[in-house]
Amino acid sequence: MANIHQRKIDIIVYAVCLIAVIGMFIYAAAAHDRLPEQIPTQFGILGKISGYGSRNSVFTLPGVLLVLLPSLIIVGMFPAAWNLPSIKVTEANAPYIAACVRNMLDVMLLTITATMTTIFVCQVRNTDAPVFLFPLMLVIFLVNIIVCIVRAGRISRRYS
C-alpha cells in the first residue's frame, strides 16, 4: 500500500481543532468558579436543553474532543483499515483513495469540533443550542460520507 503522508490541509485542520480544544479548556478553567452550580449537559435534537449537571461537567466536551481528535487522526493514517463498500484498493489507486478518505475525515473533524464547541458555548451561557445545529451536523455527515463513497468508486473504476 502507498505511503500515506500528512498533507498541509490535514495539518491545518488538526491545528484548528486543537486550538478549539485548548481554548475550551482554558475558558472552562477560567470561568469555572463563575458558572452556576448546574449547567446544561444534554440538548435535544432541536437544541432545547433537556438535562443539567454540575458545573464540573464543563470539562466533559473538551475532554471528549481531546480523545476523539487523535483517534480520528490515527484512523486516517492507516488506509488498510478503511472499509469502503465495493471499492477495491490497489497500488495504483491507493494514494487517490487515501486522499479522498482523508478529506472525509477532515470534514468530520471540523464538523465535530464546530458542533461540540457550539454546545460548549451554550453550556457556559446556559442557553439552548441553535435549532439547526444537530440536523445540520447530521446532513453534513451523511453528505460527506456519500460524496466520499461516490468519489472513491470513480477513482477505483478509473485505476482498475
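The values are calculated or read from the model by the stated rules, or taken from the named source; none is laboratory data. It should be emphasised that the depicted structure is a prediction, and the values quoted were computed from it without experimental measurement. Every residue, glycine as well, gets a Cβ built from its backbone with ideal geometry; the counts of neighbours run over all protein chains shown.
Among the residues of the stretch 14-26, is there at least one that is closer than 29 Å to Thr90 by Cβ and either part of a loop (DSSP other than H, G, I, E, B) or modelled with pLDDT under 95 (or both)? Spell out how you get there, then give the answer.
Initial filter on the stretch 14-26 (closer than 29 Å to Thr90 by Cβ): 14.
Right, trim to either part of a loop (DSSP other than H, G, I, E, B) or modelled with pLDDT under 95 (or both) and you get 14.
Looking through the stretch 14-26, at least one residue is closer than 29 Å to Thr90 by Cβ and either part of a loop (DSSP other than H, G, I, E, B) or modelled with pLDDT under 95 (or both).
Give the residues of the stretch 61-77 that are under 17 Å from Ala98 (Cα atoms) and either crowded, with 18+ Cβ neighbours inside 10 Å or touching a residue at least 24 places away in the same chain (Cβ under 8 Å) (or both), sorted by residue number.
Once the filter is applied, which keeps residues that are under 17 Å from Ala98 (Cα atoms) and either crowded, with 18+ Cβ neighbours inside 10 Å or touching a residue at least 24 places away in the same chain (Cβ under 8 Å) (or both), the stretch 61-77 yields Leu72, Ile73, Val75, Gly76, Met77.
Hey, does the stretch 104-117 have a residue that's within 30 Å of Ala28 (Cβ to Cβ), in a helix (DSSP H, G or I), in contact with a Ser or Thr (Cβ under 8 Å, 6 or more places away or on another chain) and touching a residue at least 12 places away in the same chain (Cβ under 8 Å)?
The answer is no, given that none of the residues of the stretch 104-117 is within 30 Å of Ala28 (Cβ to Cβ), in a helix (DSSP H, G or I), in contact with a Ser or Thr (Cβ under 8 Å, 6 or more places away or on another chain) and touching a residue at least 12 places away in the same chain (Cβ under 8 Å).
Could you check the stretch 102-158 and list, in sequence order, the residues that are aromatic (Phe, Trp, Tyr) and touching a helix residue (DSSP H, G or I) at 6+ places or on another chain (Cβ under 7 Å)?
Narrowing the stretch 102-158 to residues aromatic (Phe, Trp, Tyr): 120, 132, 134, 141.
Scanning the stretch 102-158 gives Phe120, Phe141.
Quick one: which residue in Thr118, Thr113, Thr90 is closer than 30 Å to Ile155 by Cα and under 17 Å from the mean Cα position of the chain (by Cα)? Steps first, please.
Values: Thr118 fails: closer than 30 Å to Ile155 by Cα; Thr90 fails: under 17 Å from the mean Cα position of the chain (by Cα).
Within the list Thr118, Thr113, Thr90, the selection yields Thr113.
Test each condition in (1) touching a residue at least 40 places away in the same chain (Cβ under 8 Å); (2) over 13 Å from Cys122 (Cα atoms) for Val58 and report the one that comes out false.
For Val58, the exception is condition (2).
Can you name the residue in the stretch 80-94 that is within 13 Å of Cys148 (Cβ to Cβ) and surrounded by 12 or more Cβ atoms within 10 Å (Cβ to Cβ) and is also modelled with the highest pLDDT among such residues?
The extreme case among them is Ile87.
Looking at the structure I just gave you, is Lys48 in contact (Cβ under 8 Å) with a residue 40 or more places away in the chain and more than 30 Å from Ser156 (Cβ to Cβ)?
Details: in contact (Cβ under 8 Å) with a residue 40 or more places away in the chain: yes; more than 30 Å from Ser156 (Cβ to Cβ): yes.
Yes, satisfied.
Against the definition (touching a residue at least 40 places away in the same chain (Cβ under 8 Å), farther than 30 Å from Thr127 by Cβ and assigned to a helix (DSSP H, G or I)), how does Pro85 come out, yes or no?
Values: touching a residue at least 40 places away in the same chain (Cβ under 8 Å): yes; farther than 30 Å from Thr127 by Cβ: yes; assigned to a helix (DSSP H, G or I): no.
When the stated conditions are applied, Pro85 does not pass them.
Based on this model, can you work out whether Gly47 counts as at positive phi and crowded, with 19+ Cβ neighbours inside 10 Å? Working first, answer last.
Working: at positive phi: yes; crowded, with 19+ Cβ neighbours inside 10 Å: yes.
Answer is yes for this residue.
Could you please find all residues in the stretch 139-157 being exposed (fewer than 13 other Cβ atoms within 10 Å of the Cβ) and among the hydrophobic types (A, V, I, L, M, F, W, C)?
Val139, Leu142, Val143, Ile146, Val150
I'm checking my understanding of the structure. Among residues of the stretch 40-79 that are of a type in the set (A, V, I, L, M, F, W, C), modelled with pLDDT of 90 or more and assigned to a loop (DSSP other than H, G, I, E, B), which one is farthest from Cys148 (Cα to Cα)?
Once the filter is applied, the top-ranked residue is Leu46.
If you check Thr127 against the conditions, is it surrounded by fewer than 19 Cβ atoms within 10 Å (Cβ to Cβ), polar (S, T, N, Q) and under 14 Å from the mean Cα position of the chain (by Cα)?
Numbers: surrounded by fewer than 19 Cβ atoms within 10 Å (Cβ to Cβ): yes; polar (S, T, N, Q): yes; under 14 Å from the mean Cα position of the chain (by Cα): no.
Against the criterion (surrounded by fewer than 19 Cβ atoms within 10 Å (Cβ to Cβ), polar (S, T, N, Q) and under 14 Å from the mean Cα position of the chain (by Cα)), Thr127 does not qualify.
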